[in-house]
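Here the structure is laid out as structure tokens; the discussion comes afterwards.
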Amino acid sequence: MPPIPAPDRDGTTATTPVPLYWCRYTPAAPLGDLVVLHGGPGAHHDYVLPQLLHLADRRDCLFYDQRGGGRSKTDDRTPITWRTHVDDLTAVLAECAPGAPTLVGYSWGALLALLYAVEATAGRAGPVPARLVLINPAPATRAFRTTFEQEFARRQAGPQVTALRAELESSGLRERDPAAFRQRTFELSVAGYFDDPARAHDLTPFRVTGRVQQSTWESLGDFDLLPALRPLRIPALVVHGRQDPIPLASAAAVAEALGAETAWLDHCGHVPYVEAPGPLFTAIDAFLDRTEAGPPR
């Protein structure tokens, strides 16, 4: 993996209840601004890098670590909810990227983008997004999330990952090279997300703060976001790997509710920026180029 380049600027927010780390990558002549929302919840922006920095080749990209993860960790034990994340995003946008944002969300970040769009349209958040790019969005309903959880558990307990785990335990790598053993352990912990588990080697390792993940999903309850998406009038692109343990039907339902453009990626699981970067970025670049100059519909 190539190293993650240092951002052009970074800092922490001054207007959020908890300081949130942000960083910005800016090309010489940016075409527009993108706000990139990482997955989790409870993770951090680094693990979508360096691959998603392709977006910064031509556009200014703002990343931030959502509350409770990465360099935005907090000792405050108040439960972090979906509303917390929407309010934080509202404040981050006002402080760091004022105006109608273009939101690029990956996994949970895509769901956060949708939650923000719903709240903004209802006047309960900041400006309505100018456009949405939703990369392998997290399940849009509790039922789809249950299907995902079952499929991911099935893959992790399947013969391929079980054999790889046994091979690692008998390899002696733990004693010979503890750092390499930790890296391989991480790869196997996320193998079920990939069409080919070997591709996990190219994912930047990350950690999830468990209490943040738990409290955020609990706050959504028995959720179904689809009805709230239908009134939105925001240009959107939904990209999803056909072999993602998150059902393609969930992404298709989101796209149908939004009237969005779609790109379904073959031989690709949940991490298209690792598994299918060519088709992924072709679809995103074309969508942004096509919609950047036009008004929201």
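The values are calculated or read from the model by the stated rules, or taken from the named source; none is laboratory data. Fair warning: this is a prediction, and the values are worked out from it, not measured in the lab. Here the Cβ is made from the backbone with ideal geometry for all residues, glycine too, and neighbour counts use every protein chain on show.
Annotation for the stretch 130-137: no member residue is part of a helix (DSSP H, G or I) and either touching a residue at least 40 places away in the same chain (Cβ under 8 Å) or farther than 22 Å from V238 by Cβ (or both). Listed by position, the strands (runs of 3 or more DSSP E) contained in the stretch 8-60 that have at least 2 residues being among the charged types (D, E, K, R) are 9-12. When the stretch 219-243 is filtered for residues that are exposed (fewer than 15 other Cβ atoms within 10 Å of the Cβ) and either closer than 14 Å to G40 by Cβ or in contact (Cβ under 8 Å) with a residue 60 or more places away in the chain (or both), the ones remaining, listed by number, are G221, D222, D224, P231, R233.
Return yes when A198 is closer than 24 Å to L248 by Cβ, buried (at least 17 other Cβ atoms within 10 Å of the Cβ) and of a type outside the set (D, E) and no when it is not. Taking the combined requirement at face value, the residue does not satisfy it.
Among the residues of the stretch 112-124, those that are in contact (Cβ under 8 Å) with a residue 40 or more places away in the chain and farther than 17 Å from L52 by Cβ comprise L114, L115, A117, V118, T121. Give the residue, chosen from P19, P30, P129, P50, that is more than 19 Å from P139 (Cα to Cα) and at pLDDT below 95. Answer to the selection: P30.
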